[in-house]
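A quick write-up on the structure given underneath.
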Number of protein chains: 2
Amino acid sequence: MNLKDIGEFGLIARLAENCIFNKKEILVGIGDDTAVLPLDQDYHLLVSCDMLIEKMHFLREVSSPFQIGYKSVAVNFSDIAAMGGWPTSILVSIGIPKSISFEYIDEIYKGMKNICKKYSVNIIGGDTVASPDGIVINVTVLGKVEKNNLHLRSHAKVDDVVFTTGTLGNSAAGLQIIKNIQNHLDIDIPSKIKDFLLQKHLSPEPCLNEIRILNKIELGLNALNDISDGLASEAWEIANASQIGIELYKDRIPISEETQILGQLLKTSPLDWALYGGEDFQLIGTIDKIHFPIFSKEYKRENGTDLFEIGRTINYPGVFLVHNEEKVYLNKSGFNHFD
Amino acid sequence: MNLKDIGEFGLIARLAENCIFNKKEILVGIGDDTAVLPLDQDYHLLVSCDMLIEKMHFLREVSSPFQIGYKSVAVNFSDIAAMGGWPTSILVSIGIPKSISFEYIDEIYKGMKNICKKYSVNIIGGDTVASPDGIVINVTVLGKVEKNNLHLRSHAKVDDVVFTTGTLGNSAAGLQIIKNIQNHLDIDIPSKIKDFLLQKHLSPEPCLNEIRILNKIELGLNALNDISDGLASEAWEIANASQIGIELYKDRIPISEETQILGQLLKTSPLDWALYGGEDFQLIGTIDKIHFPIFSKEYKRENGTDLFEIGRTINYPGVFLVHNEEKVYLNKSGFNHFD
């Protein structure tokens, strides 16, 4: 069978069969942003990993080595944030073609060390090997979460408020700028907008401070996920895992001014970037409806930014985009690695 | 600077600088077979990872996908054994070219699940991505060790007995058979010998049962390492980390009959395979001299095989091969990924 036919999610579902041979060493296995393992009386251990391959996940002519290093760690930290936790350690495996200079690799590690220092995370090990083709980076992250702050995709309840922590579609808009440059499409984009969107795509920031604030409020935070594959895909993951449905309010999905302007310039709907673009690394979650007003007020006071109410959970399956009286069924298809 | 000039060990030394930003979350960082992290009252947490890249670490025309999966996990289990521990969980990242069938990937995972089941280890997560060229596999392993059973490379004392758990050079001999087949060198090798050595190279077994027996004896086991890069290289790692020297007895390095016969057939010294071949995944360690006789007797009784005395630690730096009155300085150069 062809991998394209079975798809990334089909492959994962198949590979995830018959993986547990020692139940007492595992709390949550394959199927959430990280695995959850027993640690001690107060904490769970979180572990996850991401592989980035040159030409598939980054381009040397677009990203600086510092940015490649920074982002490869940031995406892993985002998975830890999506569980309610914070990272403690990373391991870095790197496959290096012979043509690459020592200085280039050193610069990748500077990016990694920069974000690790920012969040007080240790680099504790890894592997360095030769690669016959492009650069390959695998980052494994370990983290911790207080037992009562663990938030799974499956924790949503019916009639929750669905929220996100920030504007969506910026990363996809940044990617679009890169594609335009590569295709020599000469569209005049104001440099302030260009810089903002490229930064969002090339050096995303994990929501580690945001999750600490959310946890501190302690008022009915239920499901949680990070937006790595696009809002539609992440909403589907919560809906499926929690066996509920989700309505997203078309008019309330937050889109930055920069992304809106780029959408106008390129005659593209920025909403598509938000729904299917991915790599925004904001958090999406659900909160008890009754607690949301005070929760969002507290969040704004602590973080200085809005907690955006973008939808609600419903008691039947599916993810829908609603606008006035209209209600459209949303496909899951965010980014699929084998398309 | 060229990576070849700085070399794998030089690169690792450089990348390992300034990696610790939170001392309370780490016990042992980069520089041993695994990192050691605080876990609970009785145990330490062990974490390590290895990256295998097609054409560099395995060839699809030589290894079956089952063997590729099995070995990629075995080498990680070996790192855990080398610390005195046992594995509990793995995460698997895999980069897959579009040309590969679903069945092939499934077979790789069957190999992984087979060895995980054998040692009661869970597969708890990972990443599946598309690769533009060959297959890339990164396995991260987590394990545990009782605090008093943690054995670092730096734990050797002067006047210890240096031991190994099994015959060395088999994997390099197996690799030699593969190279001969690839080069169409038609040397008649008895099929029993061929099968034995190919098995050792393609499906190595980690010393997880052996380390449990060694720990159980509890009599002066000091430094420990697994033989992934060749005996000379591993002896150097212990010597450097412990700030001692090592003499290896040329006549007592255990070499299997199969490897000896192949050496005769190919007119190659099997001792070179043992010293510089690597991938044997036996353990090398040091034990208080006074305890070694009873230790080795107990080991033989429990495991049914010998614990081979192959040398001794000395109070000045260097690794030497001794034979009668002769004493030769041994270079470290086992396998270096950037040669």
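Some values worked out for this structure:
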quantity: Residue satisfying all of: in the range A:13-25; part of a loop (DSSP other than H, G, I, E, B) and more than 7 Å from chain B (Cβ to nearest Cβ); farthest from the chain's Cα centre (by Cα) among these; calculated: A:Glu17
quantity: Residues of the range A:75-97 classified as within 7 Å of chain B (Cβ to nearest Cβ) and farther than 24 Å from A:Asn148 by Cα, total; calculated: 4
quantity: Selected residue [buried (at least 20 other Cβ atoms within 10 Å of the Cβ), in contact with a Leu (Cβ under 9 Å, 6 or more places away or on another chain), charged (D, E, K, R) and not assigned by TED's automatic domain parsing to the domain that holds B:Ala235] from B:Asp106, B:Asp127; calculated: B:Asp127
quantity: Failed condition for B:Gly285, given (1) touching a helix residue (DSSP H, G or I) at 6+ places or on another chain (Cβ under 6 Å); (2) surrounded by 24 or more Cβ atoms within 10 Å (Cβ to Cβ); (3) at negative phi; (4) not charged (D, E, K, R); calculated: (1)
quantity: Selection within the range A:295-317 - assigned to a helix (DSSP H, G or I) and touching a helix residue (DSSP H, G or I) at 6+ places or on another chain (Cβ under 8 Å); calculated: A:Phe295, A:Glu298, A:Tyr299, A:Glu302, A:Asn303
quantity: Single unsatisfied condition, B:Gly166 versus (1) away from chain A (no Cβ under 14 Å); (2) in a helix (DSSP H, G or I); calculated: (2)
quantity: Residues satisfying the stated conditions in the range A:10-43, i.e. touching a residue at least 24 places away in the same chain (Cβ under 8 Å) and farther than 15 Å from B:Ile94 by Cβ; calculated: A:Val28, A:Gly31, A:Asp32, A:Asp33, A:Thr34, A:Val36, A:Leu39, A:Asp42, A:Tyr43
quantity: Hits in the range A:169-180 (condition: in a helix (DSSP H, G or I) and crowded, with 16+ Cβ neighbours inside 10 Å); calculated: A:Asn170, A:Ser171, A:Ala172, A:Ala173, A:Gly174, A:Leu175, A:Gln176, A:Ile177, A:Ile178, A:Asn180
quantity: Elements of type helices (runs of 4 or more DSSP H) in the range A:208-285, at least 1 residues being within 18 Å of the chain's Cα centre (by Cα), polar (S, T, N, Q) and within 21 Å of A:Lys332 (Cβ to Cβ); calculated: A:231-242
quantity: Members of the range A:72-98 that are charged (D, E, K, R) and within 24 Å of B:Ser48 (Cβ to Cβ); calculated: A:Asp79
quantity: Set A:Gly111, A:Gly29: member being modelled with pLDDT of 95 or more, closer than 30 Å to A:Leu231 by Cβ and of a type in the set (Gly, Ala, Ser); calculated: A:Gly111
quantity: Per-region count, the range B:109-128, residues part of a loop (DSSP other than H, G, I, E, B) and facing another protein chain (nearest Cβ under 7 Å); calculated: 2
quantity: Scan of the range B:36-54 for residues that are farther than 21 Å from B:Lys24 by Cβ, facing chain A (nearest Cβ under 7 Å) and aliphatic (A, V, I, L, M), ordered by number; calculated: B:Met51, B:Ile53
quantity: Search result, residues across the range B:148-163 that are in contact with a strand residue (DSSP E or B) (Cβ under 6 Å, 6 or more places away or on another chain) and either outside any loop (DSSP other than H, G, I, E, B) or free of Cβ contacts under 8 Å to residues at least 24 places away in the same chain (or both); calculated: B:Arg153, B:His155, B:Asp160, B:Val161, B:Val162, B:Phe163
quantity: Which listed residue is assigned by TED's automatic domain parsing to the domain that holds A:Leu175 and surrounded by fewer than 19 Cβ atoms within 10 Å (Cβ to Cβ), from A:Tyr316, A:Tyr276; calculated: A:Tyr316
quantity: Flag if B:Glu61 is more than 10 Å from every other protein chain (Cβ to nearest Cβ), surrounded by fewer than 24 Cβ atoms within 10 Å (Cβ to Cβ) and more than 22 Å from B:Thr34 (Cβ to Cβ); calculated: yes
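The values are calculated or read from the model by the stated rules, or taken from the named source; none is laboratory data. Just so we're clear, the structure is a prediction, and the values are computed from it rather than from any experiment. Ideal geometry is used to build each Cβ from the backbone, glycine not excepted, and the neighbour counts take in all protein chains shown.
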